[in-house]
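Inspection log for the structure reproduced underneath, given as structure tokens.
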Amino acid sequence: MKRKGVFFVLLSAILLTLPAWGQSSDVVLSSPDGNLSIIFRTAAPPRPASQANRSQSTPEYNLVYEVKYNNKPFIIQSGMGLELEGSRVLGYNVIISKSEFSEGEDRYSLLTGRTSAVADKYRSVLLDISEERGNRKMQIEARAYNDAVAFRYIVPEQTSLLQYRLISEKTEFRLPQDAMTYAQVLPNFRSGYESEFHKVPATGLANQGGVASRYLVGLPLVMEMPGVGWAAISEADLENNAGMYLMNPSGSWTGYWFESVIAPSLTRPEVAVVGTLPHKTAWRVIMAASYPGRFVETNILTNLNPECRISDTSWIQSGKSAWDWWNGSLNKEGEKAFTTETMKYYVDFAAESGLKYMTIDAGWSAGNIYTYRETLNVPEVVAYAKEKGVRVFVWAHSRNVWNQLDAAFPIYEQWGVSGVKIDFIERDDQAGIDFYYRVAEKAAKHKLMIDFHGCSKPWGIQRAYPNIVGYEAIIGMEQSKAGGRDNPENRLIIPFTRMIGGLTDYTPGGFDNVTREEFISRMQSPMVMGTRAHHLAIYVVYESPFQMVSDWPERYRNDPSFEFIKKVPASWDETRVLNGYPGEYITIARKRGDDWYLGAMTNWTRREFDLSLDFLGEGNYLAEIYADTSESEKMPKQINIKTSRVNSKSKLKLNLASAGGTAIHFKRVK
């Protein structure tokens, strides 16, 4: 991977002389295009409901920030601070003693994902914060890009603090008005982030039933503020930290603001994060856009993560994978058989179809994750696959990886395994986050790629460790085996929410397409709601460098619509969102080499789009179009496949059936 450093050009250093008490002067950081800004100051905190409620610990003033987008309030004055063990909040009764501005450009390559080359300019500021009535210090580092602002806390080495022991973080996100949110409400801090994103006003997330009934909101949180714009709150670079959640603590139907909640430690819940000094928190990221599709295109989370830490990345390759688990480990005769011969059958299918990978899922190991059962000889399957030009992933439970990583990964390398699918992590406390980094680093030493399942949301870690090629944290197609949670409405919310972090391992490829009325959930040979064209479009819409081809191989054989899956790449040079609205519809065009691919999807509503092809640029293209027919709503397997010669001046009319879609391969004509 080619890497270029982040360049900083010092603009100015401004020393702020502040009064002993009261509100400070504003420190304003604007984006390169001037449309987005974040402002820091010290100010009096919100007054309690009554003077009697003001405790002795209530600060006279504290550190706050606000965000403006297109000169409109985007985040209004919101508190900041760190509650450290055994002392008052660091951020209360403070002054901004210094602000140092600079600018730079994130310029780097991505091995996998939505783009292959990134060049994003930003402006930054480093604030020195000092206590007025104490001797503790901290810093705030902030950046302003054209599509996002971000900040993080830095606690430097100092005689008044011997260790970083975080109880809670006091970052607030106060909105100028009630917003329509797309919020993933999670049951607790031990989930796999597989809950729906609910469309609900921010006031609907207010905690009106006390602490016990608080809604725990996972990231990212996406919001629409009519007349202002779209916002998304997330975080980046979590190394040495714990995951952040949000809660609306207002307790009132008139309250529309959120505060940060850091995942508590499983072993010492009274302290969330422990570390040495200096300590940097994760970046708090606020994205801004005039349309929600911008969140699909942004690289802000990888921008805010460290550069690639793997010197030789030649063994890391994106690709599609045959997979036995989703369809029930059916063999060629359609019988469930979790055996060596069945896995060779899937290897043969991968080789015939031009798929790079085959994934052996749960059930192959016995007692530990480096001993295979007699019925499934993993080294034999891997050797067989190598002869066929296919690489193999194996499944492992996170509990076993946690304890057996040092023993298992060298053995996987000896067997010739290419990657590990690690499942049921279900934690993002500090030790849980550390697990992701330990796994990625150890895997890189043994040339193993990683696909995380049952996991937290992604935060851009794939820039530092591009051997991380998959992330679940999604209501995926596996839910069709158990019920109706995997449906067209859910699929149309995913791109604007979960997919902000990329690496979306939804596991597509269901070819038993049925109507909503015909759908029956079943564990073996499952059905899927939505038309054939809808499911083909997923391969373009959902960003996944390690993309599954999930159904039974016999469903694909001699089916002309499978040709699109065989051809579509799993990683991209460029991404364009042509239209879209959460839960409703989306059209995305992605480029790889000289060719473009397009995916359009809708929910249960029929739609027509007149589509300009100006994204194609110069030259002529042969468009291979996979579209719904007039009968697809009643017979979802029906698909119309045709070709058309087009160029950048052409227009196409897309007719999407209910739960339908369109998939197109634009092949450059030389």
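222 nm [θ] for the chain, helices only, -39500 (n - 2.57) per DSSP H run of 4+, per residue, to 500?
Value at 222 nm, helices only, nearest 500: -4000 deg cm²/dmol.
Could you size up the charge dipole of the chain around its Cα centre, putting +1 on the beta carbon of Lys and Arg and -1 on that of Asp and Glu, and report it in debye to the nearest 20?
Here the chain has a charge dipole of around 720 debye.
Under 12 Å from the Cβ of ASP451, count the other residues' Cβ atoms, weight Lys and Arg +1, Asp and Glu -1, and hand me the total.
Cβ neighbours under 12 Å give a net charge of -3.
Express as a percent, rounded to the nearest 5, the fraction of DSSP beta bridges in segment 122-260 (both residues included) that run antiparallel.
That works out to approximately 95 percent antiparallel.
May I ask for the angle, rounded to the nearest 10°, between helix 532-541 and the longest principal axis of the chain, with both axes built from Cα atoms and the value confined to 0 to 90°?
40 degrees
Among all the lysines, which ones have a C-alpha under 21 Å from LYS199's C-alpha, if same-chain residues fewer than 8 places away are not counted?
List returned: LYS457.
Label-point separation (nm) for ALA482 and ASN135, each offset 7 Å from Cα along Cα-to-Cβ?
5.6 nm
Loop-only trypsin sites (Lys or Arg not before Pro) in segment 93-145, please: DSSP not H, G, I, E or B, and at most 10 other Cβ atoms within 10 Å.
Listed in order of number, the matching sites are ARG133.
So if R0 is 22 Å, what FRET efficiency would ARG606 and GLU196 give, r being the distance between their Cβ atoms, rounded to the nearest 0.05?
Step by step, r from the Cβ atoms, then E = 0.40.
Please name whichever of VAL125, SER521, LEU238 sits farthest to the positive end of the charge dipole of the chain, dipole taken about the Cα centre and charges placed at Cβ: Lys and Arg +1, Asp and Glu -1.
VAL125
Apply the a/c threshold of 1.5 to the C-alpha gyration tensor of segment 309-442 and tell me whether it is rounded, prolate or oblate.
prolate
Segment 222-274: which chymotrypsin sites (Phe, Trp or Tyr not before Pro) are DSSP loop and have at most 13 other beta-carbon atoms within 10 angstrom?
Hits after loop and neighbour filter: TRP253.
Determine which aspartates and glutamates satisfy two conditions relative to LYS670: a Cα distance under 13 Å, and not lying fewer than 8 residues away in the same chain.
Partners found: ASP594, ASP595, GLU618.
Within the set LYS442/LYS667; LYS121/LYS667; LYS447/LYS567; LYS567/LYS651; LYS332/LYS445, which residue pairs have Cα atoms separated by over 31 Å?
Flagged as over cut-off: LYS442/LYS667; LYS121/LYS667; LYS332/LYS445.
Here is the link list: LYS386/LYS566; LYS481/LYS653; LYS98/LYS170; LYS388/LYS591. Which ones come out longer than 31 Å on Cα distance?
LYS481/LYS653
Restricting to Cα pairs below 8 Å that are 6+ residues apart, what does the relative contact order work out to for the chain? Please round to a whole percent.
Relative contact order for the chain comes out at 11 percent.
What is the sum of charges around SER195, taking Lys and Arg as +1, Asp and Glu as -1, for the other residues whose C-beta is under 11 Å from the C-beta of SER195?
0
Once the dipole of the chain is set up with Lys and Arg at +1 and Asp and Glu at -1 on Cβ about the Cα centre, which of ILE167, GLY617, ILE76 lies farthest towards its positive end?
Selected residue: GLY617.
No lab work stands behind these numbers, since they all come straight from the coordinates. Everything numeric in this text was worked out from a predicted model, so none of it was measured. We place every Cβ from the backbone using ideal geometry, glycine too, and count neighbours over all the protein chains shown.
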